[in-house]
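The values are calculated or read from the model by the stated rules, or taken from the named source; none is laboratory data. Here the structure is a predicted model, which means the values were calculated and not measured. Quick reminder, even Gly has a Cβ in these numbers, built from the backbone with ideal geometry, and neighbours come from all protein chains shown. Ligands, DNA and RNA are stripped out before the accessible areas are found, and what is left, the full protein with its side chains, is counted by its heavy atoms. Shrake-Rupley method; radii C 1.70, N 1.55, O 1.52, S 1.80 Å.
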Amino acid sequence: MPELEIQHAKLIELKDDLSDVMPGGKTLTVQFNPESLKLSYANQIKEQPNASGGGGGHGGGNQSQGSAARQFVGTGTTKLSVQLWFDVAAATSAPFIVDDVRRITAQVLYFIKPKPAAAGARDTSQRTPPGLRFSWGNFLFDGIVEGMEESVEFFSAKGEALRASITLNMIQQEILVPAFTGDGTVPGSRPLWPAGGGQSLQALQDSAKASGAAPSAGGAGLGSGSGGGLGGGLGAGFSASASLGGSVGAGAGVSLGLSTGAAFQSGGWQAVALANGIENPRAMPAGQLIDLSATKPRIVSG
């Protein structure tokens with residue numbers, strides 16, 4: 001089985017208006033992916049002063065009746081907080097194999113340092129930090145760096161900094177809502193179905209099939225209409241041995257040769273029960289999660 005390629009988060013410089021990636025801009029791939037991403041959303045609330053006359057004006061509140069003045073929402077903000085770790089003592093590849101971790105963190109500090117005003121600008125005193133995109137897989141956040149905190153935590157015997165963390169705080173002057181395409185269904189996903197208290201496996205399969213969300217059984221299996229048990233009778237003139245590996249014989253003495261593998265490859269409820277490790281398919285515990293697509297027996301050792 002091929003190994004999955006780990007996607008590392010990146011810091012990518014954007015144009016000042018955050019419209020696109022800066023041509024020839026700085027890009028830094030993080031050494032370790034963050035453990036979590038913290039997003040916070042806020043509205044700028046503007047309160048209208050209470051109108052005179054006890055709240056008779058438009059939009060005014062009445063404090064005597066406990067009603068607040070009408071509030072107006074200004075431009076909202078979205079903030080991202082993420083902690084990044086760098087450790088040159090544990091580095092195995094460039095550009096992290098260096099003598100001092102601050103050589104790496106200095107590249108992160110680049111994104112908070114204001115840039116000189118553009119040539120020909122009216123006000124040369126107005127300086128802005130670079131636009132920044134935090135990219136990790138399908139997670140993108142465009143904004144500017146509002147604040148940054150660096151903590152150096154490990155040193156060599158020579159006093160060289162080897163490990164450091166940076167808490168990066170970014171801000172965007174609008175409420176950012178994730179946008180996705182498609183319905184998000186993962187191909188080949190196998191949802192688990194919760195069993196009701198005392199519900200049989202067959203009843204759970206029937207309800208799942210009725211909803212159109214469960215796979216159809218490939219064979220009849222040893223259903224309740226034919227005896228209802230792994231070792232039960234199959235009706236008049238038929239008998240089955242209690243052993244799963246035994247054959248099922250007809251009254252006339254003709255062996256049908258249903259071995260364990262063949263019986264459970266049919267996709268009946270027995271295969272599902274064995275694959276999910278269900279001890280009593282006729283009365284399952286409430287809340288037990290069942291994979292109705294499972295067909296391979298679960299091997300339990302010990």
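Results, tabulated for the structure shown:
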{"quantity": "Filtered residues of the stretch 96-127 (kept if among the β-branched types (Val, Ile, Thr) and open to solvent by 70 Å² or more (accessible area, probe 1.4 Å))", "calculated": "ILE97, THR124"}
{"quantity": "So LEU274, is it open to solvent by 80 Å² or more (accessible area, probe 1.4 Å), within 31 Å of the chain's Cα centre (by Cα), modelled with pLDDT of 80 or more and not β-branched (Val, Ile, Thr)", "calculated": "no"}
{"quantity": "Residue list for the stretch 139-152, filter: surrounded by 13 or more Cβ atoms within 10 Å (Cβ to Cβ) and over 25 Å from the mean Cα position of the chain (by Cα)", "calculated": "ILE144, VAL145, GLU146, MET148, GLU150, VAL152"}
{"quantity": "Sole residue being closer than 15 Å to ASP16 by Cβ and at pLDDT below 85, chosen from THR128, THR181, THR185", "calculated": "THR128"}
{"quantity": "Residue count for the stretch 79-95, restricted to those that are surrounded by fewer than 16 Cβ atoms within 10 Å (Cβ to Cβ) and in contact with a Leu (Cβ under 6 Å, 6 or more places away or on another chain)", "calculated": "1"}
{"quantity": "Residue that is modelled with the lowest pLDDT [pool: residues in the stretch 40-71 that are touching a Lys or Arg at 6+ places or on another chain (Cβ under 9 Å) and open to solvent by less than 70 Å² (accessible area, probe 1.4 Å)]", "calculated": "GLY59"}
{"quantity": "Single residue of SER125, SER135 found to be within 17 Å of ASN33 (Cβ to Cβ) and out of contact with any Cys (no Cβ under 7 Å at 6 or more places or on another chain)", "calculated": "SER135"}
{"quantity": "Qualifying residue in the stretch 113-125 (condition: of a type in the set (S, T, N, Q), more than 30 Å from THR181 (Cβ to Cβ), out of contact with any Asp or Glu (no Cβ under 6 Å at 6 or more places or on another chain) and assigned to a loop (DSSP other than H, G, I, E, B))", "calculated": "yes"}
{"quantity": "Among the residues listed as SER93, SER81, the single one being of a type in the set (Ser, Thr, Tyr), within 26 Å of LEU132 (Cα to Cα), modelled with pLDDT of 85 or more and under 30 Å from the mean Cα position of the chain (by Cα)", "calculated": "SER81"}
{"quantity": "Identity of the residue in the stretch 157-168, touching a residue at least 12 places away in the same chain (Cβ under 8 Å) and not hydrophobic (A, V, I, L, M, F, W, C), that ends up nearest to ILE112 (Cα to Cα)", "calculated": "THR167"}
